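I have placed the structure first, in the form of structure tokens, so that the comments after it can refer back to it.
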Amino acid sequence: METLWFMIVAVMLTVYVILDGFDLGAGAIYLFAAKTHKERQMILRAIGPVWDGNEVWLLAAGGTLYFAFPPLYASSFSGFYLPLMMVLWLLMLRAVGIEFRTHIDNPVWQGLFDVIFCGASILLAIFYGAALGNVIRGVPLSKEGYFFEALWTNFRPGPNPGILDWYTVLAGIVGLVTLTVHGSLYVALKTEGELEQRSRKTALMLWPLQAVLTILSLIATIYVSPHALENYRLHALSSVIPLVVVASLALLFHFARRSDYLKSFLCSCAYIAAMLVGAAYGLYPVVLPASTNAAYSLTIFNSAAGHHGLMVGLVWWSLGMVLSVGYFVFIYRMFRGKVRLEEEHGY
Amino acid sequence: MRWSPHNAGLRIHTMDNALLVHRLHFAFTITFHYLFPQLTMGLAPLIVALKTLGLRTGNRAYHDSARFWGRIFGISFVLGVVTGIPMEFQFGTNWSHFSRFAGGVIGQTLAMEGLFAFFLESAFLGLFLYGEKRLTARAHWWSAVAVFLGSWLSGFFIIATDAWMQHPVGFERAPDGSAQLSSFWELVLNPWAWWQYAHNMSGAGITGAFVMASVGAFYLLWGRNAEHGRVFLKTGVIAACLFSIFQLFPSGDGQGRMIARYQPVTLAAMEALFEGGPGAPLVLIGQPNIEEKKIDNPIQIPGALAFLTYRRWGGAVTGLDSFPRDKWPQNIALLYYSYHIMVGLGTIFIATAVIALFLLWRGKLFSARWMLWILLLSLPFPYIANTAGWMTAELGRQPWLVYNLMLTADGYSKTVSAGNGMFTLLGFLGMYTVLGIMFLFLVWREIEHGPLGQPLAGHAVAH
């Protein structure tokens, strides 16, 4: 039962990263790939109908995490207090950038909102990568299961690490590059003309970096958290995960070169999913490792909600998920195809 | 400040200031957040009504009005989402001990909100706003209904969460002391939740209705968009009348009886009834004097509180004197004022709406400038009343975080220092100022452009 909920939460977070990831990535290339007013308008139109819906996945995944593993939620959210608050502010700034940008018709102000939107998107992508890095590396949990992490200490992963050390910074860069490629492919898929070409070029140019970073982050992870390999030694079948990472990364490049953006974008989704699932699989059954004493680590067993509650949750969760996936498929079908500025005057 | 017998009172504030900062942090962010959902939840049924009238009569003005209010809804929804994410986060960041204790129960309702309400609302809002040309009229109507359902479901799950904190049911204590769900149906059928839900939703309805009527009055006074202004006024005034009467009876009455039954000390503090006994009076105006345990400058109706509570003029209402001092809500003055402001404004809403409806019926509303001015200026007051109502609920529950189970002083994040809490509180104050300005700016642009104005996102096409 705990394992099942671990999987559900991991999948929901993965879906969030894939969905909000492309609009964060689109934001990250926004200043560089879109040169004219019209092109910037097109990027905003491409993510306009979906970005706040994508953010709803963060709420839903957060809610499900809270429901299934309350002590984990309590401990990690209070421990990561400062970076989480900054994530919230960045999410708000980003919303301000998008909303004001479309409503104020003045080049000076639009320049400001462009920078806010792009800057917040880049920082968020880095934060998400660094957050994952923190969870993999471990945090200084006390015996009571709480901790408070400073933003930085000595930039080394040790028993008393900060939010930022060389490992989590690396993870942050991996996050940024991955989501930038992801977003570029989405923009290429949804637009035409020079913008499409520039987005394609961005993805192709960043790809070698992404490949190198993938290998580097793998080596670093094994160095920082040697336990990560144990689960992989346990089941031979789990070697599928790194294979998917490699295959999707290679195919992403292949399809992007042939301008088959849909397939390339889907490969990027598969790559992100495999990386996240790989990390989750390496951690299992631990959900928050302690850098202080392995016995203090939070696992799915010592941080799950009561059995009855989890059983009940399974019923409504399945129902809710079927409904939600239904809406999303319906909405994406309604808004499929390339963005054209002439039609659809929304709010 | 060093401790001495003379500053013992101060000591409480200085030593516990982490608690105070975390309380202010949540209070400020939730108060600001709820400015937006109350408008979306209030407008949602009105938009459905406008779409329905449009379908029935074929009158374009109704469709234009629905589209206009859909855009206002959309702006408010975005603000609701971006200020709502911090609310969910704060359960973990600022109230981690509470979350560890209660997550096994209220995690249910909070997660269900995400799954059932947010997805529905956000998915179909996109369709409603961007899809009118792609959908048939009937399908567009359905998308409005889905948005309505989503926003009202969302309200229910949050109310069910708060109701569990007010009146915990359907749980058992695990060996580690935490509360865990024992009965799902007891949790969602909590009688407190249903009364509170009815009361809260019609409160949101009042906000939506008065905002709509206010914008309508503005158009008529301005002399522009008069046709739509009349539609807004008619819809808004009728809805305001229905919601504000429902707010008093049965929902307010039912909510009050819940408090009398399960939190008698809260009722006594709301009324600042320092001495209980038969035939308790209802204080209309007066300042509670906590030190001397009396009301200064009282204007009161003898026996009325007893009647409202027990339907008998001589009924014995329990006063604060029946409870030990440490069980009293700590901030009786603020609780008393919140409650009285809410009730006072609620009464004024009924009067305003009934008079406006009478004028509408006599066909005089659209030319009665004095009434249009009153309606125009009524706009901020439903927000104040809703905020005061929530302050009554939350201050009234003190000193408990979960009634009779967990003290507020035990629930906050002990690892997050007062300094860090203050830092982020200041950050939110600044950020929300910007968001507030943005909201007013965007809504004003919509109102100025009017229901027939070129939709704002479209203007960029000309470049």
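Throughout, read-outs are computed from the coordinates displayed, never taken from laboratory work. Small disclaimer: the values here were computed from a predicted structure and weren't measured. Every residue, glycine as well, gets a Cβ built from its backbone with ideal geometry; the counts of neighbours run over all protein chains shown.
Some points to look at:
- Taken over the Cα atoms of the range A:95-148, the convex hull encloses 86 Å³ per residue.
- Using alpha carbons only: equivalent-ellipsoid semi-axes of the range B:170-326, gyration tensor based, whole Å: 37, 27, 14
- Cα-centred dipole magnitude for the range A:28-164, charges only on beta-carbon of K, R (+1) and D, E (-1), debye, nearest 20: 300 debye
- In chain B, a dipole from Cβ-located charges (positive for Lys and Arg, negative for Asp and Glu) runs towards its positive end, and of B:I85, B:H63, B:F210 it is B:H63 whose Cα lies farthest in that direction.
- Each of A:I43, A:F80, A:A61 was placed along the dipole of the range A:1-88 (beta-carbon charges, centred on the mean Cα), and the one lying farthest toward the positive end is A:I43.
- Chain A pair-distance distribution - Cα-Cα, 10 Å bins, rounded %: 5, 24, 33, 25, 11, 2, 0
- For the range B:236-360, the share of alpha carbon pairs falling in successive 10 Å distance bins from zero is 13, 40, 31, 13, 3, 0 percent.
- Proportion of all alpha-carbon pairs of the range B:169-215 beyond 18 Å (%): 54 percent
- Hull-based mean projected area of the protein assembly as shown, where the convex hull spans the alpha carbons, in square nanometres: 35.9 nm²
- With each label modelled as a point 7 angstrom along the Cα→C-beta vector, the B:T136-B:D326 pair spans 6.8 nm.
- Cα-based radius of gyration for the range A:114-179, normalised by 2.2 N^0.38 Å, reads 1.21.
- For the range A:1-136, a Kirkwood hydrodynamic radius built from all Cα pairs, placed in the Stokes-Einstein relation at 25 °C and 0.890 mPa s, yields a translational diffusion coefficient of 154 µm²/s.
- Kirkwood hydrodynamic radius of the range B:181-258, from inverse mean 1/r over distinct Cα pairs, in Å: 14.0 Å
- Rounded FRET efficiency, nearest 0.05, which uses the C-beta distance separating B:Y262 from B:R56 and R0 of 41 Å: 0.40
- Helix runs (DSSP H) in chain A reaching 20 Å along axis by Cα, Kyte-Doolittle at least 0.5: A:2-33, A:81-103, A:107-137, A:166-190, A:193-224, A:240-257, A:261-283, A:307-334
- The Cα center of the range B:215-260 and the Cα center of the range B:358-431 differ in position by 19 Å.
- In the range B:231-294, the convex hull through the Cα atoms has an average projected area of 6.2 nm², a quarter of its surface area.
- Mean Kyte hydropathy of 1.0 or more with a Cα span along the axis of at least 27 Å, helices from DSSP in chain B: B:35-57, B:226-246, B:332-361, B:418-449
- Gyration tensor over alpha-carbon atoms, the range A:1-60, equivalent ellipsoid semi-axes in Å: 32, 10, 5
- Averaged over the residues of peptide A:89-96, the number of Cβ atoms from other protein chains lying within 10 Å of each residue's Cβ is 5.
- Inter-probe distance in nm under a simple model that places probes 7 Å from Cα toward Cβ, at B:Y403 and A:F301: 3.9 nm
- The coefficient of translational diffusion for the range A:63-126, derived via Stokes-Einstein from the alpha carbon Kirkwood radius under 25 °C and 0.890 mPa s, stands at 183 µm²/s.
- Cα-derived Rg to Rh of the range B:281-335, Kirkwood definition: 0.99
- Cα-based equivalent ellipsoid, the range A:209-252: semi-axes from gyration tensor eigenvalues, Å: 20, 16, 4
- 5 angstrom amide H check on B:F323, placed H, neighbours 5+ away: none
- Placing a label point 7 Å from the Cα of B:R173 along the Cα-to-Cβ direction, the residues of the range B:78-115 whose backbone N falls under 19 Å from that point are B:97-106.
- Rg followed by Dmax, in Å, when the range B:40-150 is reduced to its Cα trace: 17.1, 56
- Just so you know, the Cα atoms of chain B work out to an Rg and Dmax of 23.5, 77 Å.
- Under Stokes-Einstein, with the Kirkwood radius over Cα pairs as Rh, the value for the range B:330-442 at 25 °C and 0.890 mPa s is 138 µm²/s.
- Close amide H pairs (under 5 Å, H built 1.01 Å from N) link A:T292 with A:L141, residues at least 5 positions away or on another chain.
- Counting only DSSP beta bridges whose two residues both lie in the protein assembly as shown, roughly 90 percent are antiparallel.
- Dipole of the range B:276-370, positive direction: furthest Cα of B:G276, B:Q330, B:L359, with charges on the beta-carbon: B:L359
- Per residue convex hull volume, Cα atoms of the range A:185-233, in Å³: 88 Å³
- The Cβ shell under 15 Å around A:G162 holds other residues with a net charge of 0, Lys and Arg each +1, Asp and Glu each -1.
- Mean separation of Cα pairs under 8 Å and 6 or more residues apart, divided by the residue count, gives the range B:90-205 a relative contact order of 29 percent.
- Each Lys and Arg contributes +1 and each Asp and Glu -1, all at the Cβ; summed about the Cα centre of chain B, the dipole is approximately 1140 debye.
- Expressed in Å, the radius of gyration and Dmax of the Cα atoms of the range B:44-87 are 13.2, 43.
- Over the range B:360-424 - Rg/Rh using Cα atoms and the Kirkwood inverse-distance radius: 1.35
- For B:L284, distant residues with modelled amide H under 5 Å away: B:I299, B:Q300, B:I301
- Electrostatic dipole magnitude of the range A:198-305 [Cβ: Lys, Arg +1; Asp, Glu -1; Cα centre; debye, to 20]: 580 debye
- Kirkwood-based shape ratio for the range A:78-194, expressed as Rg/Rh from alpha carbons: 1.09
- When you count the other C-beta atoms within 10 angstrom of each residue and take the mean per peptide, B:74-83, B:131-140, A:79-88, A:213-222 line up highest first as B:74-83, A:79-88, A:213-222, B:131-140.
- Pairs of Cα atoms nearer than 8 Å and 6+ residues apart set the relative contact order; for chain B it is 19 percent.
- Seen from every direction in turn and averaged, the convex hull around the alpha carbons of the range A:218-325 projects onto 9.7 nm².
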